[in-house]
Amino acid sequence: MIVTTKIVPRYAETDQMGIIHHSVYAIWYEQARTEFFNEIGFRYDEVEKNGVMTPLIELNCEYKRPAYYNQEVEVRTKIIKLTPVKFILEYDTYNQENQLINIGKTTLAWADAKTFKIINLQKKYPEVYQLIEKAVEE
């Protein structure tokens, strides 16, 4: 499953050269990740209330072309790997001309909100794991 998030870059997100600053992409990934999970019926805030956190383990970002202020971009998000203890999402960002401008990946773990120890989501919350499993791109 691929979920598309549209973002209109703000002036505050630009650098002195007039392009979107590299640090902004991580924020866009987070926004896209939230929308992805909302779309499949998995709300972060609800899962956190049930004692599960998703700490970031790794972030990769590859820049292909610049993004510019006020020129809408589209972030296409999909899960590329899911295990009982972690998951990897990919974010492909396109400009208005449908040109790939950025590829990102994040790896997040399933962790207990109180102890911050890694948990096996499939064992602890099998219904949540199955919901996410259905959204995985093969």
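Structure values in brief
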{"item": "Among the residues listed as Leu108, Leu56, Leu121, the single one being aliphatic (A, V, I, L, M) and out of contact with any Pro (no Cβ under 9 Å at 6 or more places or on another chain)", "result": "Leu56"}
{"item": "Counted residues, the stretch 14-38 - those being modelled with pLDDT under 95 and charged (D, E, K, R)", "result": "1"}
{"item": "Residues (surrounded by 14 or more Cβ atoms within 10 Å (Cβ to Cβ), under 13 Å from the mean Cα position of the chain (by Cα) and of a type outside the set (S, T, N, Q)) located in the stretch 1-23", "result": "Val3"}
{"item": "Number of positions in the stretch 9-39 that are touching a strand residue (DSSP E or B) at 6+ places or on another chain (Cβ under 8 Å), farther than 18 Å from Tyr63 by Cα and among the aliphatic types (A, V, I, L, M)", "result": "0"}
{"item": "One residue from Glu133, Glu97, Glu58 being among the acidic types (Asp, Glu) and either in contact with a helix residue (DSSP H, G or I) (Cβ under 6 Å, 6 or more places away or on another chain) or under 16 Å from Tyr25 (Cβ atoms) (or both)", "result": "Glu58"}
{"item": "Residue in the stretch 33-82 that is nearest to Asn102 (Cα to Cα), counting only those that are among the hydroxyl-bearing types (Ser, Thr, Tyr) and without any contact (Cβ under 8 Å) to a residue 12 or more places away in the chain", "result": "Thr34"}
{"item": "Check on Ile20, free of Cβ contacts under 8 Å to residues at least 60 places away in the same chain, among the aliphatic types (A, V, I, L, M) and closer than 20 Å to Glu74 by Cβ", "result": "yes"}
{"item": "Residue tally, condition over 18 Å from Leu121 (Cα atoms), hydroxyl-bearing (Ser, Thr, Tyr) and touching a Leu at 6+ places or on another chain (Cβ under 7 Å), over the stretch 1-55", "result": "0"}
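The values are calculated or read from the model by the stated rules, or taken from the named source; none is laboratory data. Because the structure is a prediction, the values reported are computed rather than measured. No Cβ is skipped: glycine too gets one built from the backbone with ideal geometry, and neighbour counts run over all protein chains shown.
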